[in-house]
Amino acid sequence: MPRLIPLAKPVINNALRILILTHRVPFPQNGGYPIVVGNTIKGLVTHGHQVSLISINVKKHTDKISERDELLNKIAYTEYDIDTHVSAVEFVSNLFTKNPYNIDKYYTAGFEKLLVQNLKDNTYDIVQLEGLFVAPYLSAIRKASRAKVIYRAHNIEHQVWRRLAQQKGDPFKKWYLNLLARRVKTYELELLNKFDGIAVFTAQDKTSMLSFGAKIPLQVLPIGVDLTRYCPEPDKTEYPSLFFLGSLDWLPNREGIEWFIENFHKEIVDGDLKVKFYVAGNSIPEEFDEYEVPGKVFIQGEVDDALEFVNSKSIMIVPLLSGGGMRVKIVEGMAMQKCIISTTIGAEGINFTDGKDIIIANNADEFYKAMLRCIRDEEYSRTVGKNARLLIEQQHDVNKVTEGLLAFYRSVI
C-alpha cells in the first residue's frame with residue numbers, strides 16, 4: 001500500500017516542478033543509489049525548485065527502523081510497497097520468454113495506478129526516471145502527463161550483466177547471465193530514443209549510448225556530493241589499514257570482494273601484507289564470517305556511520321571486475337581523503353591521474369604491489385588521499401553538478 005508524505009514547501013517563482021521516480025527507497029542514504037538520489041534532491045531543493053519523489057519499496061519485511069531523514073520535510077514523498085520475490089516456477093517459466101525478469105519484477109499495476117493519479121493531480125515540468133528499473137512505467141507517464149521525461153542511466157545495465165558473465169567459470173551461470181545481458185540490451189535499445197533526454201555519469205557511457213543509436217539530447221553529469229558532509233580527521237585514522245565498503249546485494253561488489261579475499265586472505269593473515277583488513281557494508285552473507293581472523297581480518301557488516309568508518313581507516317580497496325557507471329563509494333572515499341586502490345572499471349568516469357589521486361590495479365600482481373607500497377609508505381598514501389580530495393572539490397561539488405542538471409532540464413523543456 002502507498003504511504004504519502006505531502007510535505008513540500010513553498011518555492012521561488014519560476015521554479016521547476018520535478019517528479020523523481022526510484023525503484024528503491026533512498027532513505028537511509030547508506031548506498032550508492034540512495035546517495036546519488038538524495039544528493040540530487042538536496043541540490044534541486046537548495047536551488048529553490050519543487051521536488052516530488054515516488055519510490056518503489058522492496059524492503060517491506062525489514063524490521064530495522066531508521067531515523068526519519070530531514071530531507072523528507074522539504075519534498076512531497078510517496079512510497080509504494082511491492083514484493084519482487086521471484087518463485088522457482090516464475091524463474092523457470094521466464095527462461096521461455098523474451099522478457100528481462102530482473103526489470104519486469106519492478107512492474108505492478110498498483111504502482112502504475114498510483115503514479116498515473118499523481119500525474120493527473122499535479123503538473124510537472126520534468127519527470128526523472130532514476131535507472132532502468134522504473135522504465136516500465138514510461139508509457140503510462142506519456143499518457144498521463146506532458147512533462148519532459150529525463151532518463152538518468154546509473155549504468156548501462158546490459159554491460160553490467162555481460163561483464164558478470166565474462167567472469168564466470170560455471171557454464172550454466174555464464175549462459176544465464178549472457179541470456180539476461182541480451183534481453184536487457186534489447187530492452188534498453190528499444191527505449192533509447194523514447195525519452196526527451198538522457199543524463200549519464202561518465203563520458204564512456206555517453207559514447208556507448210551514441211554508438212547504440214541515441215539521437216536525443218545526452219548530457220554527462222558526474223556524481224555530486226555535499227562536501228560539507230565529508231570532514232577528514234587524519235588523527236583518527238588507523239595506519240596502515242585496508243578496508244572495503246559496499247553493499248553485497250549488488251553482484252559486481254560481491255564478485256569483486258570474493259576475488260580479493262581469494263587472492264589476498266592468506267597474504268594478510270600470514271604473508272608480507274602486514275595490515276588489518278576490514279569489510280563493511282549491507283547484505284554481507286553469513287558465510288563471510290568464516291573469513292574472520294582475530295587481529296587480522298574483520299567482517300563488520302553494516303556500520304552505523306559509514307563516513308566515520310571510512311575516516312577511521314587509511315587504504316580503500318575497490319576490486320571491481322564488472323559493473324559500469326561511476327561508483328559513489330569511490331567519490332565518497334576520495335572526498336574523505338582516502339588513498340584508494342581500484343581497478344580501471346571501478347574508477348570509471350572519474351578524471352583521475354593514476355598514482356597521483358588514485359592507484360589503478362587491474363590484476364592480482366598489480367594489487368599486491370600497490371598495497372605493499374601504500375602499507376609501507378605512509379607519506380605517499382596520505383599524499384594520494386589529499387590529491388583525491390582536491391579532485392572531488394574541483395569536479396564533484398553537488399552545487400556545480402546541480403547547475404549543470406538544471407541547465408540540461410531547461411534545454412529540453
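Every number here is computed from the coordinates shown, using simple stated rules; none is lab data. Everything quoted here is computed from the prediction, not taken from an experiment. No Cβ is skipped: glycine too gets one built from the backbone with ideal geometry, and neighbour counts run over all protein chains shown.
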At 222 nm, what value in deg cm²/dmol follows for the chain if DSSP H runs of at least 4 each add -39500 (n - 2.57) and the sum is divided by all its residues, to the nearest 500? -12500 deg cm²/dmol
Set Lys185/Lys329; Lys266/Lys369; Lys148/Lys329 screened for pairs whose C-alpha atoms are more than 22 Å apart: Lys185/Lys329; Lys148/Lys329
Simple SL model, points at 7 angstrom along Cα→Cβ for Gln167 and Ser411; separation in nm is 3.3 nm
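Grab the Cα-Cα distance for Thr344 and Ala109, subtract it from 0.36 nm times how many residues apart they are, and report the gain in nm with one decimal.
The Thr344-Ala109 span can extend by a further 80.5 nm.
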Of the beta bridges DSSP finds with both residues in the stretch 224-380, what % are antiparallel, to the nearest 5? 5 percent
Once label points are set 7 Å from the Cα along Cα→Cβ at both Glu378 and Val293, what is their separation, rounded to one decimal in nm? 2.4 nm
Here the FRET efficiency for His85 versus Leu179, based on Cβ atoms and R0 = 25 Å and rounded to 0.05, is 0.75
Run through the DSSP bridge list for the chain and note the antiparallel percent, rounded to the nearest 5. 10 percent
Give me Lys120, Lys276 ranked fewest to most by other Cβ atoms within 10 Å of their Cβ, as a rough exposure proxy. Lys120, Lys276
Among Ser208, Ser342, Ser322, the residue with the largest mean-square fluctuation in a Gaussian network model of the chain built from Cα contacts under 10 Å is Ser208
Calculate, for Asp249 and Asp121, the FRET efficiency according to 1/(1 + (r/R0)^6) with r their C-beta to C-beta distance and R0 35 Å; round to the nearest 0.05. 0.55
Output the 0 to 90 degree angle, nearest 10, between the alpha-carbon long axis of helix 171-191 and the longest principal axis computed from the alpha carbons of the chain. 40 degrees
Give the Rg/Rh ratio for the stretch 228-395, taking Rg as the radius of gyration of the Cα atoms and Rh as the Kirkwood radius, to two decimals. 0.92
Highest GNM mean-square fluctuation, the chain, Cα pairs closer than 10 Å: which of Thr202, Thr228, Thr123? Thr228
Summing Lys, Arg as +1 and Asp, Glu as -1, what charge do residues with Cβ under 11 Å from the Cβ of Asn39 carry, Asn39 excluded? -1
Candidates Lys400, Lys266, Lys185; GNM for the chain (alpha-carbon contacts under 10 Å) flags as most fluctuating Lys266
Once phi for every residue in the stretch 39-48 is put through the Karplus expression 6.51 cos²θ - 1.76 cosθ + 1.60 (θ = phi - 60°), the whole-Hz ³J(HN,Hα) values, with Gly and Pro written as x, are 5, 4, 5, 4, x, 5, 5, 4, 7, x
In terms of modelled amide H atoms, which long-range or inter-chain residues lie less than 5 Å from the amide H of Ile20? Ser52, Leu53, Ile54, Gln128
Toy charge model, Lys and Arg Cβ at +1, Asp and Glu Cβ at -1: the chain dipole around Cα centroid in debye, rounded to 20, equals 1700 debye
